[in-house]
Amino acid sequence: MPVWKFRAIEQMPPTPSYAAGSAAHVRHWAALWARATALANKRFESGVFRYRAIDDRQRDDRQRDDSQRANAQLAPSEDGAWRR
């Protein structure tokens, strides 16, 4: 979207003027209401979007943790902590 800069108000193009109640005026407001309605109705459902279920997310987390441990060549100690 271009940005328009003017040094003086006189350089700006005139705003469109409509006679109140004219067909052009009604069309202008109808278009404005339609755009506002389209933007206002944008809703996002709550929940998980990347995964269909939380079980899928947990499975991927476990797989990622396992692969990170394998790459770091870590081994569990007797107390259950992962150490080199």
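The values are calculated or read from the model by the stated rules, or taken from the named source; none is laboratory data. The structure displayed is predicted, hence computed values, not measured ones. No Cβ is skipped: glycine too gets one built from the backbone with ideal geometry, and neighbour counts run over all protein chains shown.
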Note to self: List pairs: first residue in segment 30-44 and more than 20 Å from ALA20 (Cβ to Cβ), second residue modelled with pLDDT under 75 and assigned to a helix (DSSP H, G or I) anywhere in the structure, Cβ distance under 6 angstrom, at least six positions apart or on different chains.
What the structure shows: none
Margin query: Which pairs turn up if I take residues in segment 50-68 that are without any contact (Cβ under 8 Å) to a residue 12 or more places away in the chain and look for partners that are of a type in the set (D, E, K, R) and assigned to a helix (DSSP H, G or I) with beta carbon separation below 6 Å, at least 6 apart in sequence or on another chain?
Written below: TYR51/ARG57
Next item on the list: Check whether at least one residue in segment 70-83 is at pLDDT below 85 and in contact with a helix residue (DSSP H, G or I) (Cβ under 8 Å, 6 or more places away or on another chain), and report yes or no.
Entry: yes
Next item on the list: Give the number of residues within segment 11-26 that are exposed (fewer than 10 other Cβ atoms within 10 Å of the Cβ) and of a type in the set (Ser, Thr, Tyr).
Entry: 2
Notebook entry, point to check: If you go through segment 30-52 one residue at a time, do you hit one that is assigned to a loop (DSSP other than H, G, I, E, B) and modelled with pLDDT of 85 or more?
Noted result: no
